[in-house]
Amino acid sequence: MSHLVNAEIPMLAEHRDFFIVHKPAGISVHQQGDINGLMTLLKAQLDTDSLWLVHRLDQVTSGCLIVARNKPTASQLGAQFERREITKYYLALCDKRPKKRQGSVIGDLKKVRSGKWTLTRSQVNPSVTHFYDTGIGNGLRLQVLKPYTGQTHQLRVVLNSLGSTILGDSHYGGLQADRTYLHAWQIGFSLNGEDFHFHCLPDSGEHFQTPEFLHKVSAISPVAEHFSWPDSKLKRISGGSGA
């Protein structure tokens, strides 16, 4: 990760109350020892200490991330994450077809060994993920994911449980690749009576740059709502704001 110590964080949008940044793959949101995290880099880049992290992405995950510019905004958006009012879509590439082509995966996540998590049948504080699978050629599958909750390693564990581990996710036994192919593609929310929706394509990973991948993603509506996503009747479910 040393090559990211002084990386500049791409800016997707600037608002008086928040920034939307494109988090690079391979960098943590927080400092790790002497390795700068995204927030350290962003504060230096913008020459300010007045930044609040609203939610998290795994170190291996790239894509849309909200950073608040003041504490009230951080509190408002944090509460929306807790109430499951933030809309998120992710893209993942896998080399195996999942057990089912579409649907929902619901279950508790349990920490096991070596920092791994596993999906269980219990539903005490369950993770909820909706997904669609489609082939893009060259032996690869595209997963479009809509997580309703945001628990640690949620999407990585869900796809692993379906027999379709994310390409490059060696932590869960994925096929070796130049990166872990998980990307936070879109995020939508409301703030002070105004609706916002942001999206970005991955800018790293050879398989994320192929014509087959780009053609398939371009055929999907910008807000991915032409899929018949399951009705969110699960507002009783609680959990953290990570993804």
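The values are calculated or read from the model by the stated rules, or taken from the named source; none is laboratory data. What you see is a predicted model; the values in this text were computed from it and never measured. Glycine gets a Cβ as well: all are built from the backbone with ideal geometry, and neighbour counts include every protein chain shown. For the accessible areas, the whole protein counts, side chains as well, though only heavy atoms, and no ligand, DNA or RNA atoms are used. Shrake-Rupley method; radii C 1.70, N 1.55, O 1.52, S 1.80 Å.
For region 110-211, just say rounded, prolate or oblate: build the C-alpha gyration tensor, square-root its eigenvalues into a ≥ b ≥ c, call rounded for a/c under 1.5, and beyond that prolate if a/b exceeds b/c, oblate if not. Oblate shape, in that a/c is at least 1.5 and b/c is the bigger or equal ratio. Solvent-accessible area per residue in the chain equals 47 Å², computed with a 1.4 angstrom probe and all protein chains kept.
Taking each of LYS23/LYS116; LYS71/LYS216; LYS43/LYS111; LYS43/LYS96 in turn, the alpha-carbon distance tops 30 angstrom for LYS71/LYS216; LYS43/LYS111; LYS43/LYS96.
Beta-bridge orientation, the chain: approximately 90 percent antiparallel, per DSSP, counting only bridges with both partners inside.
In terms of overall dimensions, the C-alpha atoms belonging to region 1-139 reach 48, 36, 32 Å along their principal axes, ordered largest to smallest.
The simple spin-label model puts a point 7 Å past each Cα toward its Cβ; for SER170 and GLN31 those points are separated by 2.8 nm. Taking 7 Å steps out from each Cα toward its Cβ at SER190 and ASN138 produces label points 4.1 nm apart. If the segment from LYS99 to GLN123 were pulled out straight at 0.36 nm per residue, it would be longer than the present Cα-Cα gap by 6.6 nm. Near LEU65, the amide H atoms lying under 5 Å from its own belong to VAL21, LYS23; only residues 5 or more places off or on other chains count, and H is placed 1.01 Å from N. Going 7 Å from the Cα of ASN70 toward and past its Cβ, which residues in region 10-26 have a backbone nitrogen under 12 Å from where you end up? Under cut-off, by backbone N: 16-18.
Using C-alpha pairs below 8 Å separated by at least 6 residues, the relative contact order for region 90-148 is 42 percent.
Which whole-number percent is the relative contact order of region 139-218 (Cα, under 8 Å, 6+ apart)? Can you show the working numbers first?
Working: 71 pairs, mean separation 12.1, N = 80.
Result for region 139-218 is 15 percent.
Report in % the part of the accessible area of region 82-132 that belongs to carbon and sulfur, leaving out ligands and nucleic acids; probe 1.4 Å. Roughly 45 percent, rounded to a whole number. Taking the three principal axes of the alpha carbon atoms in the chain, the coordinate ranges are 47, 41, 40 Å, sorted in descending order. Counting heavy atoms of the protein chains alone, TYR132 has an accessible area of about 30 Å² for a 1.4 Å probe. Across the chain, C-alpha contacts under 8 Å between residues 6 or more apart give a mean separation that, scaled by the residue count, equals a relative contact order of 20 percent.
Between HIS15 and GLU206, 0.36 nm times their residue separation minus their Cα-Cα distance comes to what?
On the way: separation 191, 0.36 × 191 = 68.76 nm, distance 3.19 nm.
Once the chain is fully extended between HIS15 and GLU206, it gains 65.6 nm.
On the basis of the beta-carbon distance and an R0 of 22 Å, LYS43 and GLU82 show a calculated FRET efficiency of 0.30. Rounded to the nearest Hz, the phi-derived 3J(HN,Hα) couplings of region 143-148 under the Karplus curve 6.51 cos²θ - 1.76 cosθ + 1.60 (θ = phi - 60°) are 10, 9, 10, 10, x, 8, where x marks glycine and proline. Of all aspartates and glutamates in the structure, the ones whose alpha carbon falls short of 17 Å from that of LYS99, not counting any fewer than 8 places away in one chain, are ASP133.
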